[in-house]
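Visitor: The structure follows.
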Amino acid sequence: MSTADSQVFVSSSVLSDDLHKQLINPDAATAQVILVGRIGVVALSLCALYLAMDTGSSVLGLVSYAWASFSAAFGPVLILILY
């Protein structure tokens, strides 16, 4: 559970601080940024719940693609570091 809640927290932080505070409303008050972050947590959690409950979606397939791209990007570099 710690990985899932960390990912939701980081995504919400990016939404509130990086997008809202930097691009949309640079003069936003702290309370408004916190509200955007909380709305982001709820929205991301609902998206995750939908993906988990949808029998047609393949979360395992998405994770497989993520690990495949991760290993394709960093695998050769890690092997070359050994030599």
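Rule-based calculations on the coordinates, nothing more; no lab input. As the structure is a computational prediction, the values presented were derived from the model and not from experiment.
Visitor: From Cα pairs below 8 angstrom and at least 6 apart in sequence, can you work out the relative contact order of the chain, rounded to a whole percent?
Guide: 25 percent
Visitor: Right, another one. Compute log10 of I(q)/I(0) for region 1-46 with the Debye formula, placing one identical point scatterer on every Cα and leaving out solvent, at q = 0.14, 0.17, 0.26, 0.32 Å⁻¹, to two decimals.
Guide: Reported log10 I(q)/I(0), two decimals: -0.30, -0.43, -0.85, -1.09.
Visitor: What fraction of the Cα pairs in the chain, stated in percent, has a spacing above 23 angstrom?
Guide: Beyond 23 Å sits 46 percent of the P(r) for the chain.
Visitor: Roughly what angle does helix 2-13 make with the longest principal axis of the chain, taking Cα atoms, 0 to 90 degrees, to the nearest 10?
Guide: With rounding to tens, the tilt is 50 degrees.
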